[in-house]
Amino acid sequence: MILSCSGITKAFNAEPVINDISFGIEKKEKAAVIGVNGAGKSTLFKIIAGEITPESGEITIAKNIKIGYFSQNLEIDSQKSIYDELLSVFEPIIKLENEIRNLEVEMSALKGQELDNAMKKYTILSSDLEDKNAYEYKSRLKAVIKGLGFCEEESQKSIDNLSGGEKTRVALGKLLLSNPDILLLDEPTNHLDIESINWLEDFLRAYKGSVLIISHDRYFLDKIVTKIMEIENKKLFIYNGNYTYYYNKKQKDREVQLKHYISQQKEIAKQQESIQKLRSFNREKSIKRAESKEKQLKKIILEDKPENLPDSMRLALKPKFESGNDVLSVKELAKSFDGNILFKNVSFEIKKGEKIALIGPNGTGKTTIFKIILGSLSQDSGSIKLGTGVSVGYYDQEHACLDNDKTIFDEISDSFPSLTTLEIRNALAAFVFTSDDVFKSISALSGGEKGRVALAKIMLSKANFLILDEPTNHLDINSKEILESALRNYEGTCLYISHDRYFINNTANKIIELTNNGCVLYLGNYDYYTEKKQLELQTEPNIAAKQETQSKIDRKKQKQEQSEQRKRKSKIEKTENKIIECEEKIEALNNELLKEEIYTSPILSKQYFDEKTALEEALLLLYEKWEELNG
């Protein structure tokens, strides 16, 4: 066990947030901490990371274990480019490389004992460089940059010019490249598109260290973790499995516990009624019988009553009136910024009752399309047409529809002046805003709380066409499930942007994938979409071959490409073999240079050293060649 938490308790303003929490993390283990917003998940991470101290309890970390902590909305302030900022993680390796190069220059002018001493130092430094996998760091750096959704051109952008979300991605990249023994990741998928989330899943599954994650992304948790730790009512409950296992087990356990509790309470009530009846007879035998029953009743081990689940929102979406069958028509839509095409050739139709997810990598213009539909931004070309009787309700991921200077109550009251105070309070209670909570300022709310206020406005608007931009951002799992249920039962139409694959899978009956050159429609949920994408990848060569036949394209080009691929594959294999051979020779020379008969002989040591230097230079060229062939 490399991390142990025992009896951790933390309170704020004398109110406990987490109470007597204990668990352990093994080497290479992947685990998740889940719970409703405000349950104390981030507080627990801050305690483990040493940022705050608990009231009681003990954190034990194994010797020489390095912890890396990624917190929500962590940003980097720097004037460096993305590439240089991430490269800074490898400063010790770069420093060591420079030291070795400087030593090589110095050794060319040394003789005798000085050369021997320098050779010994050189051998030690070279061995240290190899132990640090120095030859891999550039390829690792490029993989992380690409994986987090930055293209090669963007990697040269200054950190100062990035958005908050982009800075957060860079911060995540730095942490992943630093390769700590334990990764603490608090909502790592925020600000990532689906493609980047898929990449992060692969990265974490292959990660050799331990990983502890806070996430509301159920698809993500299913793919990565083997242990779920839920904080509920200030206590910790451990489930050894992924999210789906946890969900099913918890439901079953709670049902069984409730059934046992109710059954026992009925039996106790029955026995108490029997005792009371026996005593009412007021006979010696009946009283003795009652006393005997009382003794038996006292021996019963009482079942614990299942604790009440934390308050959750109650969301019911109902259109005030129906729209026509044709809800939205988008034809040949195009938009550019500063001469750069964001998207073009975007066409799709939306009919009444459809639930459609608009997906695509960050930067393809999904939110821009929403703004064009809503009329807050103009298109370069193409047309947008809303159908007859369509009433739009819009959820903005930035919550720009909320006034930070208002209280929650005033926000609802001003938006819906016909509502009474009681109606407003009842509506807000459905979103877990009760008592004096309704008088909180919007500016003082968390992202999740602002999201609930925005959803309350959507519910009260009774719109028949919902346009939702990242509606699940900042919502805990329980709230997501409630929103899913509300959308499934919604009689109106819905178009939404989301990177939450679990949410898409449970709500969408169509998916529109946006690209820079148009869009593709998939008639199903997320599972259907992934199946179709896999099928497309498998059948692409056949489709291409048919197209060539139909258009009578010369097959010579195709054969040439295949020949070049074979040659490239052969070159890669030969380069890899040469790398292995070169590394083995360098290793052999390192061993020779450590022998007394070699390092005590200036002639032999110089001979071996020169050969080793030549091999190392050749090895660097081979690595560059290998990266070029694989690029």
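The values are calculated or read from the model by the stated rules, or taken from the named source; none is laboratory data. As the structure is a prediction and not an experimental result, all values here were calculated from the model. Note that each Cβ is placed from the backbone with ideal geometry, even for glycine, and that neighbours are counted across all protein chains shown.
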(message) Tell me the residue from Gly339, Gly353 that is at pLDDT below 90, in the same structural domain as Ala400 (by TED's automatic domain parsing), among the small types (Gly, Ala, Ser) and surrounded by fewer than 17 Cβ atoms within 10 Å (Cβ to Cβ), please.
(response) Gly339
(request) Kindly check whether there is at least one residue in the stretch 268-282 that is of a type in the set (Gly, Ala, Ser), loosely packed, with under 14 Cβ neighbours inside 10 Å and out of contact with any Gly (no Cβ under 8 Å at 6 or more places or on another chain). (result) yes
(message) When you scan the stretch 409-430, do you find a residue that is at pLDDT below 95 and under 30 Å from Ser163 (Cα atoms), even just one?
(response) yes
(message) Pairs needed: first member in the stretch 447-465, over 14 Å from Ala429 (Cβ atoms); second member anywhere, of a type in the set (D, E, K, R) and surrounded by 22 or more Cβ atoms within 10 Å (Cβ to Cβ); C-beta distance under 8 Å; at least 6 residues apart or different chains.
(response) Lys457/Glu411
(request) Just name the residue that is surrounded by the most Cβ atoms within 10 Å (Cβ to Cβ) out of those in the stretch 13-35 that are free of Cβ contacts under 8 Å to residues at least 60 places away in the same chain and part of a strand (DSSP E or B). (result) Gly24
(message) Any residue that is in a helix (DSSP H, G or I), among the aliphatic types (A, V, I, L, M) and in contact (Cβ under 8 Å) with a residue 40 or more places away in the chain - is there at least one of those in the stretch 229-252?
(response) no
(message) Yes or no: the stretch 123-131 includes at least one residue that is modelled with pLDDT of 85 or more, in a helix (DSSP H, G or I), touching a strand residue (DSSP E or B) at 6+ places or on another chain (Cβ under 7 Å) and surrounded by 18 or more Cβ atoms within 10 Å (Cβ to Cβ).
(response) no
(request) Just name the residue that is nearest to the chain's Cα centre (by Cα) out of those in the stretch 156-207 that are over 26 Å from Thr226 (Cα atoms) and in a loop (DSSP other than H, G, I, E, B). (result) Ser163
(request) Out of Gln397, Gln379, report the one residue that is touching a strand residue (DSSP E or B) at 6+ places or on another chain (Cβ under 9 Å), surrounded by 17 or more Cβ atoms within 10 Å (Cβ to Cβ), modelled with pLDDT under 90 and not hydroxyl-bearing (Ser, Thr, Tyr). (result) Gln397
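For (1) touching an Asp or Glu at 6+ places or on another chain (Cβ under 9 Å); (2) not charged (D, E, K, R), each residue gets a yes or a no:
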{"residue": "Leu428", "(1), (2)": "yes, yes"}
{"residue": "Ser443", "(1), (2)": "yes, yes"}
{"residue": "Ala454", "(1), (2)": "yes, yes"}
{"residue": "Met459", "(1), (2)": "no, yes"}
{"residue": "Lys462", "(1), (2)": "no, no"}
{"residue": "Glu470", "(1), (2)": "yes, no"}
(request) Among the residues of the stretch 137-155, write down those that are part of a helix (DSSP H, G or I) and not hydroxyl-bearing (Ser, Thr, Tyr). (result) Lys138, Arg140, Leu141, Lys142, Ala143, Val144, Ile145, Lys146, Gly147, Glu154
(request) Kindly indicate whether Leu44 is over 26 Å from Leu125 (Cα atoms), under 29 Å from the mean Cα position of the chain (by Cα) and part of a helix (DSSP H, G or I). (result) yes
(message) Take the conditions touching a residue at least 12 places away in the same chain (Cβ under 8 Å), among the hydroxyl-bearing types (Ser, Thr, Tyr), under 17 Å from Met229 (Cα atoms) and touching a strand residue (DSSP E or B) at 6+ places or on another chain (Cβ under 6 Å) and apply them to Ser42. Does it pass?
(response) yes
(request) Out of the residues in the stretch 468-519 that are surrounded by fewer than 19 Cβ atoms within 10 Å (Cβ to Cβ) and among the hydroxyl-bearing types (Ser, Thr, Tyr), state the one that is nearest to Lys355 (Cα to Cα). (result) Ser485
(message) Given the condition farther than 19 Å from Asp222 by Cα and assigned to a helix (DSSP H, G or I), answer yes or no: does some residue in the stretch 512-533 qualify?
(response) yes
(request) Examine the stretch 4-11 for a residue that is within 29 Å of Phe203 (Cβ to Cβ), out of contact with any strand residue (DSSP E or B) (no Cβ under 8 Å at 6 or more places or on another chain), free of Cβ contacts under 8 Å to residues at least 60 places away in the same chain and not β-branched (Val, Ile, Thr), and state whether such a residue exists. (result) no
(request) Out of the residues in the stretch 428-466 that are hydrophobic (A, V, I, L, M, F, W, C) and assigned to a strand (DSSP E or B), state the one that is nearest to Phe321 (Cα to Cα). (result) Phe465
(message) Can you report the number of residues in the stretch 410-434 which are among the small types (Gly, Ala, Ser), surrounded by 14 or more Cβ atoms within 10 Å (Cβ to Cβ) and within 12 Å of Leu460 (Cα to Cα)?
(response) 4
(request) Working only within the stretch 579-631, note down all residues that are of a type in the set (D, E, K, R), in contact with a Leu (Cβ under 9 Å, 6 or more places away or on another chain) and either under 25 Å from Glu136 (Cβ atoms) or at pLDDT 85 or above (or both). (result) Glu583, Lys585, Glu611, Lys612
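Could you run through the stretch 435-446 and say how many residues are surrounded by fewer than 17 Cβ atoms within 10 Å (Cβ to Cβ) and free of Cβ contacts under 8 Å to residues at least 60 places away in the same chain?
Number of matching residues: 8.
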(message) So, in the stretch 77-121, how many residues would count as being surrounded by 10 or more Cβ atoms within 10 Å (Cβ to Cβ), modelled with pLDDT under 85, assigned to a loop (DSSP other than H, G, I, E, B) and not small (Gly, Ala, Ser)?
(response) 2
(request) Return yes or no: is Leu358 more than 32 Å from the chain's Cα centre (by Cα) and either surrounded by fewer than 14 Cβ atoms within 10 Å (Cβ to Cβ) or in contact (Cβ under 8 Å) with a residue 60 or more places away in the chain (or both)? (result) no
(request) For residues that are surrounded by fewer than 20 Cβ atoms within 10 Å (Cβ to Cβ) and of a type outside the set (A, V, I, L, M, F, W, C), tally how many sit in the stretch 175-214. (result) 13
(request) Using the structure shown, decide if Asn473 is modelled with pLDDT under 90, outside any helix (DSSP H, G or I) and touching a Ser or Thr at 6+ places or on another chain (Cβ under 9 Å). (result) yes
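Listed here are the residues, each with its yes/no results for (1) out of contact with any Lys or Arg (no Cβ under 8 Å at 6 or more places or on another chain); (2) of a type in the set (A, V, I, L, M); (3) part of a helix (DSSP H, G or I).
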site: Phe370; (1), (2), (3): yes, no, yes
site: Ser383; (1), (2), (3): no, no, no
site: Gly389; (1), (2), (3): yes, no, no
site: Tyr394; (1), (2), (3): yes, no, no
site: Leu402; (1), (2), (3): no, yes, no
site: Asp414; (1), (2), (3): no, no, yes
site: Leu422; (1), (2), (3): yes, yes, yes
site: Asn426; (1), (2), (3): yes, no, yes
